[in-house]
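Asker: Below is one structure. I have some questions about it.
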Amino acid sequence: MTWMIKDAFLHELLGRMSVEEKAGQLNLLTGAMDATGMKHSGDLDAKIRAGLCGAVLNVYTPAATRALQELALASPLGIPLIFGYDVIHGHRTIYPIPLGLSCSWNLNLLGRCARMAASESAADGLHWVYSPMVDISQDPRWGRVAEGAGEDPWLGSEIAAAMVRGYQGNDLADPASVLACVKHFALYGAPMGGRDYHSVDMSRRAMEETYFPPYRAAISAGARTIMTAFNDIDGIPASANRWLLTELLRGQWGFQGWIVTDYTAVTEMKNHGTAATDADAARQSLEAGVDMDMVSEAFLSELPALVESGAVREEQLDAAVLRVLETKWDLGLFRDPLARCTHQPAMQPCAENRQLAREAARESIVLLKNEGEVLPLSKHATIALIGPLADSRRDMLGCWIAAGDESLAASPLDGFRGVATVVHTRGCGISEADEDLLAEAVRAAKQADVVVLVLGESWQMSGEAASRTDIRLPECQRELAKHILQTGKPCVLVTMSGRPLELTWEDSQFPAILQAWALGTEGGHSLAEVVFGDAAPVGKLTMGFPRSVGQLPMTYREKPTGRPFNAAEKYSSKYLDAPNDALYPFGHGLTYGKFRHGAVSIDSPEMQPGGTVTVSAEITNLSAYPATETLQLYLRDLVAPVSRPVKELRGYQRVTLAAGETQVVSFQITDANLSFPGRDFQPVVEPGDFEAMVGPNSRDLRAVRFARLS
Ligand code: GLC
């Protein structure tokens, strides 16, 4: 019954809309509370008053959204606006950047964080978040790896779905729910040279095996909107790619929502050289399947004339408009358009949200190295806290911080001061040396019992338009590290970054290295909890750290090649100047404590079609205190119609063991875990021999074989 009322309402409204008002509903304009692109929308109020704007981004708070919503309600048809914003890792309470939080491998935590972000943004007048970013990437030169969930499509798919469910909840009309927007569709994470906005040239097999799965998982989880990528696919910009948006996304994947372009992507087709005019670009984009034009205004300025001339069918325009109007109905906007802008939300993170952010930060920290169990540190030691990031609250928040307030964030210094005796100095700038600061840092180190060096990237060095060809620490920071090491004081390195860094030199120098990403509002406190042992690190890398930028792009899921690496064989796949593998591989992360990984067994060497085999691995906690490990299951299809990766993550379990405890951790393997895109790119399960591998990361594995029968 309800759908009949909705359908009748929407079609009656559509019937009263002029072609220009229809184009207006597809016109997404930007406010000025944030700047996330080159073009600004000069006459925002006038366009809204005239009913020529369907949605607005970069405007939030109840007061600001109410002012614009009232203009829309006073327009000729009074169609309410949708308000969207880049809530990427929290809105007012900022949790770790997505690449950091993905290292928790904790889907429940990820979902709760997304729900918190939804609740805070909905309370701030918003209906729509441009998240989750699910672009797989194998290249940390690309600054936007900070916004994603790393290199693995299987884990990335799990995380994408968890976040969509967190944002949208069970009902879009729920006052704490917001529209998710899966981005950037598609393949944006594989630009040539790791250079943002560069071309993507990719086989269909790589699309199906690696880059498409997380988008599909997000759509299967019910994502209502998807954002097109800036790049071309097979030479056609994503925003004009009918194969991608209509034949594949809607036709094969059954996407029922609507498609918004990325910022001015419609008119950027002229830069791509695939459109000569805005009119040409608008036509191509609508015909490809795009519904809403972000900020370029080509839809508004060109579609009415294109419809009038017959170059574009009005039915195509109507279909797009109905998809947008239906979402407004589902959000409850026609029933109560001011629902989200009539109260004053908490402008500061509440205690509960801070606690969640602290939990998320704790679980995002990855212990890369801890020789001699240097960590955790004693709270009774005098600590020299040194480095250009040691007292930075802004850099602790990272890129894309929405309404986050750096003054409310905890830097490492804020966190450490509450726990131990700390002498602090910067030692250098992010990228600029300073002789005085360096001398001060050496003096501080000599006075202390132990040094904690906090080095890394500023928040501007990752995220959008922030690719780097050299992903080492800036030179002045490496110089600072050398001087501190020369003091002979015990020294722990904490790296903060939006990407995996090249830490090969640091790995040779420091006994302990903690990867702290950008941990968000509670970051300094969580870092202190881990450094001083109030919490043990549990994070596991979702993206490998290369030994050299020269290895990139790289992935643990590599194909075997016809000449697999063999140290004894000249003619095998290798470099002359570096090993093939990562310095710290996908899935790597230590904790406080030691484990013994025992035998891996399987309950049957043969798996029936549609059946199950169970792989079990024994693990013992050798420490004198409880310890937590995330055991991972990888599979390999030894012979198939196409060459298959040497291993692929297909399961994991986090276990906590008491001192001395031994557990047997079991993984069920079914046909679903063996499925892969066949030669026709359709999912297929083939009989044959498989290898199941279990271990604490993608490198230290024990294997067992089984045969899937036909
Ligand atoms: C930016 C980004 C995209 C973001 C959008 C709106 O250019 O590419 O991720 O959601 O514009 O700010």
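Asker: So A114 fits all but one of (1) touching a Phe, Trp or Tyr at 6+ places or on another chain (Cβ under 8 Å); (2) more than 16 Å from the ligand (Cβ to nearest atom); (3) more than 19 Å from L649 (Cβ to Cβ); what number is the exception?
Answerer: In the conditions (1) touching a Phe, Trp or Tyr at 6+ places or on another chain (Cβ under 8 Å); (2) more than 16 Å from the ligand (Cβ to nearest atom); (3) more than 19 Å from L649 (Cβ to Cβ), A114 misses (2) alone.
Asker: Go through the residues of the range 140-152 one by one and say whether even a single one is away from the ligand (no atom under 15 Å from the Cβ), crowded, with 24+ Cβ neighbours inside 10 Å and assigned to a helix (DSSP H, G or I).
Answerer: no
Asker: Condition first: under 29 Å from L101 (Cα atoms), touching a residue at least 24 places away in the same chain (Cβ under 8 Å) and assigned to a helix (DSSP H, G or I). Now tell me which residues in the range 481-511 satisfy that.
Answerer: If the condition is that a residue be under 29 Å from L101 (Cα atoms), touching a residue at least 24 places away in the same chain (Cβ under 8 Å) and assigned to a helix (DSSP H, G or I), then A481, T504, W505, E506, D507, Q509 are the ones that fit.
Yes/no per residue for (1) buried (at least 19 other Cβ atoms within 10 Å of the Cβ); (2) not assigned by TED's automatic domain parsing to the domain that holds I401:
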site	(1), (2)
Q460	no, no
E475	no, no
Q486	no, no
A536	yes, no
P546	yes, yes
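Asker: Just checking, which of G387, G427, G418 is surrounded by fewer than 24 Cβ atoms within 10 Å (Cβ to Cβ) and not basic (K, R)?
Answerer: Criteria check complete, one pass: G418.
Asker: Does T342 satisfy being surrounded by fewer than 20 Cβ atoms within 10 Å (Cβ to Cβ), of a type in the set (S, T, N, Q) and over 30 Å from L527 (Cα atoms)?
Answerer: Taking the combined requirement at face value, the residue satisfies it.
Asker: Now for a different question. Hand me the list of helices (runs of 4 or more DSSP H) wholly inside the range 202-296 holding 2 or more residues that are within 16 Å of the ligand (Cβ to nearest atom) and in contact (Cβ under 8 Å) with a residue 12 or more places away in the chain.
Answerer: In the range 202-296, 213-220, 269-272 are the helices (runs of 4 or more DSSP H) which contain 2 or more residues that are within 16 Å of the ligand (Cβ to nearest atom) and in contact (Cβ under 8 Å) with a residue 12 or more places away in the chain.
Conditions tested, residue by residue: (1) assigned to a loop (DSSP other than H, G, I, E, B); (2) out of contact with any Leu (no Cβ under 6 Å at 6 or more places or on another chain).
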{"residue": "A402", "(1), (2)": "yes, yes"}
{"residue": "G415", "(1), (2)": "no, no"}
{"residue": "V423", "(1), (2)": "no, yes"}
{"residue": "G427", "(1), (2)": "yes, no"}
{"residue": "I430", "(1), (2)": "yes, yes"}
{"residue": "L437", "(1), (2)": "no, yes"}
{"residue": "V442", "(1), (2)": "no, yes"}
{"residue": "A445", "(1), (2)": "no, yes"}
{"residue": "L453", "(1), (2)": "no, no"}
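Asker: Which residues, taken from the range 22-68, are away from the ligand (no atom under 16 Å from the Cβ), surrounded by 20 or more Cβ atoms within 10 Å (Cβ to Cβ) and farther than 25 Å from Q316 by Cβ?
Answerer: Correct list: T65, L68.
Asker: Within the range 435-471, which residues are charged (D, E, K, R), more than 19 Å from the chain's Cα centre (by Cα) and closer than 30 Å to D196 by Cβ?
Answerer: D470
Asker: Only one of L306, L300, L317 is within 19 Å of T30 (Cβ to Cβ) and part of a helix (DSSP H, G or I); which? Let's see the steps before the verdict.
Answerer: Values: L306 fails: within 19 Å of T30 (Cβ to Cβ); L317 fails: within 19 Å of T30 (Cβ to Cβ).
Going through L306, L300, L317 in turn, just one is within 19 Å of T30 (Cβ to Cβ) and part of a helix (DSSP H, G or I): L300.
The values are calculated or read from the model by the stated rules, or taken from the named source; none is laboratory data. Predicted, not measured: the structure shown is a model, and the values here were computed from it. Every residue, glycine as well, gets a Cβ built from its backbone with ideal geometry; the counts of neighbours run over all protein chains shown.
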